[in-house]
Amino acid sequence: MTTLRRTDSEDPDFITLVKLLDAELAERDGADHGFYSQFNKIDKIRHVVVCYENGQPVGCGAVKPFDDEAMEVKRMYVSPAGRQKGIASRVLAELETWAAEMGYTKCVLETGKRQPEAIALYERRGYLRTPNYGQYVGVENSVCFEKSLNG
């Protein structure tokens, strides 16, 4: 049985999953990891979703305010044992629902070219590529997306 739970960044299961995510990203990003990690702090994130499979935490994601209209999707991760089961899609859908409930009209996000699974997920979920924003402008490995939450 798979369940989703809304929480915040102080949740111990979220913190554990993020540590696994950071370890995987350090391996994938290599020398670029230091640049990206500075933008991935998890303190004070108020909108986190953790997914459980048979009571065990297997996936997570978060959103945080980007501007008056958009929430930024952060810290999406599914453990290897939970992959290929639609968990990331369910977590992302719950984050989008939560953002819409709070009155936001779109979600934005950045991912890396070395995460083809993430790029495929976002494209399947209706995200469109946009020019790189903020700290990611001019960063060759970054790919930015946005999705309207107004249907």
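Bear in mind that the values in this text are calculations on the coordinates, not laboratory data. Nothing here was measured: the structure is a model prediction, and the numbers come from that model. All Cβ positions, glycine included, derive from the backbone under ideal geometry; neighbour counts span all protein chains shown.
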Which entry is the computed Rg/Rh (Cα atoms, Kirkwood Rh) for this structure: [x] 0.93; [y] 1.07; [z] 1.02? [x]
Any aspartates and glutamates with Cα under 19 Å of the Lys147 Cα? List them, leaving off those in the same chain fewer than 8 positions away. Asp67, Asp68, Glu69, Glu72, Glu94, Glu96, Glu101, Glu110, Glu117, Glu123
What 222 nm value per residue comes from the helices of the chain, counting each DSSP H run with n ≥ 4 as -39,500 (n - 2.57) and dividing by all residues, nearest 500 deg cm²/dmol? -9500 deg cm²/dmol
Can you tell me the relative contact order of the chain? Whole percent, Cα pairs under 8 Å, sequence separation 6 or more. 19 percent
By the C-alpha gyration tensor axes a ≥ b ≥ c (rounded if a/c is under 1.5, else prolate when a/b exceeds b/c, else oblate), the shape of the range 99-151 is oblate
So, with +1 on the Cβ of K and R and -1 on the Cβ of D and E, and no other charges, what is the size of the charge dipole of the chain about its Cα centre, to the nearest 20 debye? 320 debye
